[in-house]
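Visitor: Take this structure first; my questions come after.
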Amino acid sequence: MATEWEDALVFIDSSVVKAHRAAAEQIKVYAVLNALGRPLRLTISGEQLNDNKMIDCLLNWSKPPLAIAADKA
């Protein structure tokens with residue numbers, strides 16, 4: 001039952017990451033976390049990709065959560 005509760009609410013967010021200060025390229029890391037902050041899924045894309053383009057990849061599972069919290073981006 002605890003596992004069901006942990007995965008009933010998920011949070012989605014992304015962040016732009018550089019390897020180091022002099023790096024030319026940046027990547028975007030997307031994370032789906034459960035209610036305890038544990039990662040359920042991680043995905044990497046190019047920096048210029050809009051977050052809504054990745055939603056299918058992040059939410060493609062057989063049993064969807066009861067609620068999803070994400071920002072407007």
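Visitor: Along the Cα→Cβ direction, 7 angstrom out, place labels at Leu66 and Val29. What is the inter-label distance in nm?
Guide: It is 3.0 nm.
Visitor: Specify which labelled value, from [x] 48; [y] 39; [z] 63, agrees with percent of Cα pairs over 19 Å apart derived from the coordinates of the model shown.
Guide: [y]
Visitor: Over the chain, what is the relative contact order in whole percent, taking alpha-carbon pairs under 8 Å and six or more residues apart? Walk me through the numbers before you get to the answer.
Guide: Details: 106 pairs, mean separation 25.5, N = 73.
Worked out over the chain, it gives 35 percent.
Visitor: Something else about it: For the chain, what is the calculated [θ] at 222 nm in deg cm²/dmol (nearest 500), taking -39500 (n - 2.57) for each run of four or more DSSP H residues and dividing by its residue count? Before the final figure, lay out the partial values.
Guide: Numbers: 2 runs with 9 residues, N = 73.
The per-residue figure over the chain is -2000 deg cm²/dmol.
Visitor: Next question. Can you give the FRET efficiency for Leu36 and Asp13, using 1/(1 + (r/R0)^6), R0 = 22 Å, r = Cβ-Cβ distance, to the nearest 0.05? Spell out each step's value before the answer.
Guide: Working: r = 15 Å, r/R0 = 0.70.
For Leu36 and Asp13, the calculated efficiency is 0.90.
Visitor: Could you state how much accessible area Lys53 has, in square angstrom rounded to the nearest 10, with a 1.4 Å probe and all protein chains kept in place?
Guide: Accessible area of Lys53: about 140 Å².
The values are calculated or read from the model by the stated rules, or taken from the named source; none is laboratory data. All values derive from a computational prediction rather than experimental measurement. When we count neighbours, we look across all protein chains shown, and the Cβ atoms used for this are built from the backbone with ideal geometry, even at glycine. Calculation scope for accessible area: heavy atoms of the full protein, side chains included, ligands and nucleic acids excluded. Shrake-Rupley method; radii C 1.70, N 1.55, O 1.52, S 1.80 Å.
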